[in-house]
4 protein chains.
Amino acid sequence: MEKETGRLEAFSDGVFAIAITLLVLELKVPHATEGGEISASMLAGNLLRQWPSYIALVTSFFTVLIMWVHHHVLFKLVRKTDATLLFTNGFLLLLVSVVPFPTAVLAEYLATPAAPAACEFYAGLFVLIGVAFYLLMRAAFRESIVDKQAPPERIRRLRRNYRLGPPLYTLAAAAAPFSPMAALAICTALWVFWAITTGEC
Amino acid sequence: MEKETGRLEAFSDGVFAIAITLLVLELKVPHATEGGEISASMLAGNLLRQWPSYIALVTSFFTVLIMWVHHHVLFKLVRKTDATLLFTNGFLLLLVSVVPFPTAVLAEYLATPAAPAACEFYAGLFVLIGVAFYLLMRAAFRESIVDKQAPPERIRRLRRNYRLGPPLYTLAAAAAPFSPMAALAICTALWVFWAITTGEC
Amino acid sequence: MEKETGRLEAFSDGVFAIAITLLVLELKVPHATEGGEISASMLAGNLLRQWPSYIALVTSFFTVLIMWVHHHVLFKLVRKTDATLLFTNGFLLLLVSVVPFPTAVLAEYLATPAAPAACEFYAGLFVLIGVAFYLLMRAAFRESIVDKQAPPERIRRLRRNYRLGPPLYTLAAAAAPFSPMAALAICTALWVFWAITTGEC
Amino acid sequence: MEKETGRLEAFSDGVFAIAITLLVLELKVPHATEGGEISASMLAGNLLRQWPSYIALVTSFFTVLIMWVHHHVLFKLVRKTDATLLFTNGFLLLLVSVVPFPTAVLAEYLATPAAPAACEFYAGLFVLIGVAFYLLMRAAFRESIVDKQAPPERIRRLRRNYRLGPPLYTLAAAAAPFSPMAALAICTALWVFWAITTGEC
């Protein structure tokens, strides 16, 4: 029984760990623009000019890390798995595994005129992830599989927090066309918020 | 004894989790066609135009996920490992690890005149995977390693289901030259079918 | 105590599983040689023309798989870890993690005049891996960490087998300049040999 | 309780194992400089000319391996997790997951005039990692979560060692503008030093 949850958690952990580590592939070694040699100061300049990549990576890294912590918190309250849990979890993992893509789009276009579309795309994925977490929470807290000994106070708090995810990320997505940076700031504020509200982990 | 199966399962889970997460590498950040800047609406258009990539990724993701669930179901009925199980399992893992490649081919050519060949290639891999699962099932249910307490009803049902894999995927492969979309629809229908028939997981 | 070996084995398994799955990245989606569209039959032809990649992948996949099995066999005979075991194991993992690179070189050049150098490079890595396995075996079977209950017969057999690795792979490397295909055939024969001699796994 | 640390350790191990294996992606198959065919001796020459890549990979591989060992040593002295440990550990994992990037930069520019900037960047990351390890050590050895039975002698030794990390890597970073090779040599000497001082692992 608990062994089932065990293997599901281990598989999910694997996907989280791989997705979070694949983010590094978004960073590209700068090349000399012309065939010519590149000097030390040019290389330093090129590395600094990639700041949007670093911001995108750090934001995505901590967001995925927080999601992993929350996934952990949620599964500690679950007694066993069933098909519904398996597929809502699968839907969440699909979205998590895909995070490196909008991150790379954001990194490439954050400092260009296309930033609004890139941020929209990025925030859009997190709206979906917010929905997936909400669905997973609903699947996890069903009478038939929830741990009977789970403190009701804790379940109530998680329920409330997870309901906040989709509207807050929608806010970020709505801000993107007007101010890409505001959208990013909301995304960052949100992972800090999830981190703090974890409290008990 | 069970520790052996444990490490084999953990290794297999690793390959499944990595293969499923590597699918994201198939998604490519769209670049400006000319040296010029790309506008927000152009970027949005380019991202939408990549719909074949998204379809390919989602189909492959859920197919691999279902395969992982079935792998799990199968190994719960096995008491210990031997060389035959190890190598049929190795053959399956080879095919699973390779899934990102036909997925990328499908993504690149689904919306082009080369779609029939791409779908053929894609469905062809799943024919092989169907065969590998059938062989793994046969290896797993041998007298010498099957769990004596496994419910015979369940083994009978799995036997029947796994026999269906190769012919059904062959049907998809046969449809590909005439209608790539029909081939893809069959592949999608099949993972939904495997998902439903899992029932007990 | 056994927990230490446990975490070392889990880490090693991770590296084996990732290296074996990264082999797929060596397969490249064929592109139209000119800007023009690619037809279904051209795509099919291009996919078939990549046969050296498929051979390279399958050979490397099964070789790494066999190495994982042997790693497993070896660690079952070890009671605890120490610095020497940790570093010989680290040296082996370095070489395992690097396998996708010579595999990609082999895939790209097997059907070209540069095949001798590519096969030399490929076989050369396996000479080093043979040496690493031999060193790991020596480290594992030291009085201070070997499992006292390990059957001496089994240790003797493993000792003999592992001594064969370096000379046999050196033979493959020596054959490469004259016949790349012979070198590859020896490499393939060797993983079949390791597979059979595993016997007890 | 210990299960929590267990899942955190497993997740961290995953990130270490993936980051260490992704280093191989930095190695690039050499291509013919012109459209023409490449001969066996040209391929051999090109593979040898990539020595900076091999040096960069080996240095990074063993550094990450040593970090993994130290992470292991540290967590054996911890009784449970809390938010602080989770986030200092997250900060360390972020930096570990990023190691393949400066490694690739180093590989590409070590044999060029831009080597000072590349080595600076590489050593700079390890300064940060040294800081992260120091912070993690402080978080781990707090009264509230440290294992009460941890030998004080051992904690004292670790405390002293980890305090050395940031200044010693800063020394490497300071040397980089004058002698890239000296910077690299210090980095190499440091992982040998960490390896030796591990002693008990």
> If the limit is 28 Å between Cα atoms, which of A:LYS76/B:LYS28; B:LYS76/D:LYS80; C:LYS80/D:LYS148; A:LYS148/B:LYS76; A:LYS76/B:LYS76 go over it?
Replying inline: A:LYS76/B:LYS28; B:LYS76/D:LYS80
> In nm², what is the average projected area of the convex hull enclosing the Cα atoms of the protein assembly as shown?
Replying inline: 33.4
>> What is the angle, in °, between the Cα long axis of helix A:2-22 and the longest principal axis of the Cα atoms in chain A? Nearest 10 is fine, range 0 to 90.
In response: 10
>> Which residues does the label zone of D:THR84 cover in region D:111-147, counting backbone N under 20 Å from a point 7 Å along Cα→Cβ?
In response: D:130-147
> Sorting B:LEU125, C:LEU65 on the 10 Å Cβ count, fewest up front, what's the list?
Replying inline: B:LEU125, C:LEU65
>> Give me the dipole magnitude in Debye, nearest 20, for chain D about the Cα centre, with unit charges on the beta carbon: positive for Lys and Arg, negative for Asp and Glu.
In response: 880
> Put +1 on the Cβ of every Lys and Arg and -1 on every Asp and Glu Cβ in chain A; which of A:PRO180, A:ALA132, A:ALA19 then has its Cα farthest towards the positive end of the dipole?
Replying inline: A:ALA132
> Under unit Cβ charges (Lys, Arg +1; Asp, Glu -1), what dipole magnitude, rounded to 20 debye, does the protein assembly as shown have relative to its Cα centre?
Replying inline: 2840
> Using a simple spin-label model with points 7 Å from Cα along the Cα→Cβ vector, what separation in nm is obtained for D:PHE193 and A:LEU171?
Replying inline: 4.8
>> Under the convention of a label 7 Å out along Cα→Cβ, give the distances in nm from C:GLY45 to the same position in every other copy, shortest first.
In response: 3.4, 3.4, 4.7
>> Helix C:152-175 against the longest principal axis of chain C: what's the angle in degrees, Cα atoms only, rounded to the nearest 10?
In response: 30
> Hey, what do the phi angles of region C:106-114 turn into as Karplus ³J(HN,Hα) couplings, whole Hz, using 6.51/-1.76/1.60 and θ = phi - 60°, x for Gly and Pro?
Replying inline: 4, 4, 6, 10, 4, 9, 10, x, 8
>> How far apart, in nanometres, would the label points at B:THR112 and C:SER144 be if each is projected 7 angstrom from Cα along the Cα-to-Cβ direction?
In response: 6.0
> Taking only DSSP H segments of four or more residues, each worth -39500 (n - 2.57), what value at 222 nm results for chain A once the sum is divided by all its residues, to the nearest 500 deg cm²/dmol?
Replying inline: -25500 deg cm²/dmol
> If the label for B:ASP82 sits 7 angstrom from Cα along the Cα-to-Cβ line, what are its distances to the same label in every other copy, in nm to one decimal, shortest first?
Replying inline: 3.8, 3.9, 5.4
> Between D:VAL58 and D:SER39, what is the label-to-label distance in nm when each label sits 7 Å out along the Cα-to-Cβ direction?
Replying inline: 2.9
> Okay, which of region A:157-201 sit inside 19 Å, backbone N to the point 7 Å along the Cα-Cβ direction of B:LEU48?
Replying inline: A:173-178
>> 5 Å is the cut-off here: which amide hydrogens, built 1.01 Å from N in the peptide plane, fall below it relative to C:VAL146, excluding neighbours closer than 5 in sequence?
In response: C:ARG79
> With point charges of +1 on the Cβ of Lys and Arg and -1 on the Cβ of Asp and Glu, referenced to the Cα centre of chain D, which listed residue (D:THR103, D:ALA123, D:VAL78) lies farthest in the positive direction of the dipole?
Replying inline: D:VAL78
> Distances from C:HIS31 to the same residue in each other copy, label points 7 Å out along Cα→Cβ, in nm, shortest first?
Replying inline: 0.8, 0.8, 1.1
> Expressed in whole Å with the largest first, what are the equivalent ellipsoid semi-axes of chain B derived from the C-alpha gyration tensor as the square root of 5 times each eigenvalue?
Replying inline: 36, 18, 13
> Magnitude of the Cβ-charge dipole of region D:114-201, K/R +1 and D/E -1, about the Cα centre, nearest 20 debye?
Replying inline: 340
>> Tell me the angle of helix A:51-75 to the major Cα principal axis of chain A, expressed in degrees between 0 and 90 and rounded to the nearest ten.
In response: 10
>> Mean-square fluctuation check for chain B, GNM, Cα pairs under 10 Å: which of B:LEU128, B:LEU110, B:LEU43 is largest?
In response: B:LEU43
> Which ³J(HN,Hα) values in Hz, rounded to whole numbers, follow from the phi angles of region A:119-125 under the Karplus curve 6.51 cos²θ - 1.76 cosθ + 1.60, where θ = phi - 60° and Gly and Pro get x?
Replying inline: 5, 4, 4, 5, 5, x, 4
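Computed from the coordinates by the stated procedures, all read-outs in this text should not be read as laboratory data. Quick caveat: nothing in here was measured; it's all calculated off a predicted structure. Note that each Cβ is placed from the backbone with ideal geometry, even for glycine, and that neighbours are counted across all protein chains shown.
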